[in-house]
1. Within the stretch 146-186, restricting attention to residues that are part of a loop (DSSP other than H, G, I, E, B) and at pLDDT below 70, which residue is nearest to Trp34 (Cα to Cα)?
2. Can you tell me how many residues in the stretch 229-240 are under 28 Å from the mean Cα position of the chain (by Cα) and surrounded by fewer than 16 Cβ atoms within 10 Å (Cβ to Cβ)?
3. Keeping to the stretch 68-81, report how many residues are small (Gly, Ala, Ser) and modelled with pLDDT of 80 or more.
4. Go through (1) open to solvent by less than 40 Å² (accessible area, probe 1.4 Å); (2) closer than 23 Å to Gly138 by Cα for Leu73 and report which single condition fails.
5. If Ile215 passes every condition in (1) exposed (fewer than 15 other Cβ atoms within 10 Å of the Cβ); (2) touching a Cys at 6+ places or on another chain (Cβ under 9 Å) but one, which one does it miss?
6. Residues Phe119, Phe97: which one is among the aromatic types (Phe, Trp, Tyr), surrounded by 15 or more Cβ atoms within 10 Å (Cβ to Cβ) and at pLDDT 85 or above?
7. Count, please, the residues in the stretch 46-75 that happen to be in contact with a Phe, Trp or Tyr (Cβ under 6 Å, 6 or more places away or on another chain) and free of Cβ contacts under 8 Å to residues at least 40 places away in the same chain.
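The values are calculated or read from the model by the stated rules, or taken from the named source; none is laboratory data. Quick caveat, the model's predicted, so the values are computed rather than measured. Using ideal geometry, Cβ is built from the backbone for each residue, glycine included, and neighbour counts are taken over all protein chains shown. Surface accessibility is based on the protein's heavy atoms, side chains included, excluding ligands, DNA and RNA. Shrake-Rupley method; radii C 1.70, N 1.55, O 1.52, S 1.80 Å.
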Amino acid sequence: MKIENRRQGRRSFYRELKDYVLLALAMLLGATGWVVFLLPNEITTGGIPGIASVVYWGTGLPVQVTYMGLNALLLVVALRVLGWRFCLKTIYAVLLFTLFSGVLQHYAAGTHLLADQKFMALIVGGAFWGGSVGLGLGAGGSTGGSDIIAAMVNKYRDISLGRIILMCDLVIITSSYLVLHDWEKVLYGYVLLFVASFCVDQVVNSMRRSVQFFIISDKYELIGKAVNQIVQRGCTVFDGHGFYSGQKVQALFVIAKKSESNAIFRLIDDIDPNAFVSQSAVIGAYGLGFDRFKVHGKAEDKEVLQELVGAENKEQA
């Protein structure tokens, strides 16, 4: 038991470490997209950086002041809804983003990449920006701003993260006309939102993708124990009957994250190289160890369900 607890603690530590490394990479990508490709080409972004840019263009207030101030207000609200762990990672991400932005602005001063190809700068910057937001949310944090709003809504509603961010950022992009007085630049901002939102969904969905295994083997018990203890995933045993052989067979049913597929294949190959294995993609996996349900039923449906549960309890009693 002590060895198992120590092993679980080590895995938990490595998962947290991986999240913080991913967050650092995400912030570097986001800062690069913003400072190197978007700001020099006067393409308005969404979120807090977009607001900071608009305020800077209108008043001259340094973007760092607006960025940190607004994120601090949002984090106070997010702390109650999302918990300290999300906020801790987000604070870490916000600080890194500010640091990377400042460093890149200093060393990239006077550099203007893709100056005569604004649309290409938009595509590249949007890909960097969307990848940054997606990696940040996948690692349990965010770059702040509309990402925090998206995470709070997504906790209770099964709505696309990219769509939530898109709705918040449309308002910010449109408001940039008040200081830029150029609808062409505003239109570039709109296109940037679609590119970034698409990248957010692609990155988040790829990190949450699950797979299912059907494993038929004479050593199913040993494979099941290995999957339970090493990969830490549950297994279900199905009794079957081989039509050709006429023999009884046992099949293991396993749901796991796609990133865990190689570990499961290695275990099967080590235990029984002759096992029959079927792997398929899963659109969604919900429950312990996977995503949570994010739907709210109608009030009348809940009343009917409560009556059914009450009747069932009475029959069992």
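1. Here the answer is Ser160.
2. 4
3. Total meeting the criteria: 2.
4. That leaves (1) as the condition not met.
5. Among (1) exposed (fewer than 15 other Cβ atoms within 10 Å of the Cβ); (2) touching a Cys at 6+ places or on another chain (Cβ under 9 Å), the lone unmet condition for Ile215 is (1).
6. Phe97
7. Residues flagged as in contact with a Phe, Trp or Tyr (Cβ under 6 Å, 6 or more places away or on another chain) and free of Cβ contacts under 8 Å to residues at least 40 places away in the same chain within the stretch 46-75 amount to 2.
For (1) open to solvent by 60 Å² or more (accessible area, probe 1.4 Å); (2) modelled with pLDDT of 75 or more; (3) of a type outside the set (A, V, I, L, M), each residue gets a yes or a no:
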{"position": "Ala52", "(1), (2), (3)": "no, yes, no"}
{"position": "Thr66", "(1), (2), (3)": "no, yes, yes"}
{"position": "Gly83", "(1), (2), (3)": "no, no, yes"}
{"position": "Thr111", "(1), (2), (3)": "yes, no, yes"}
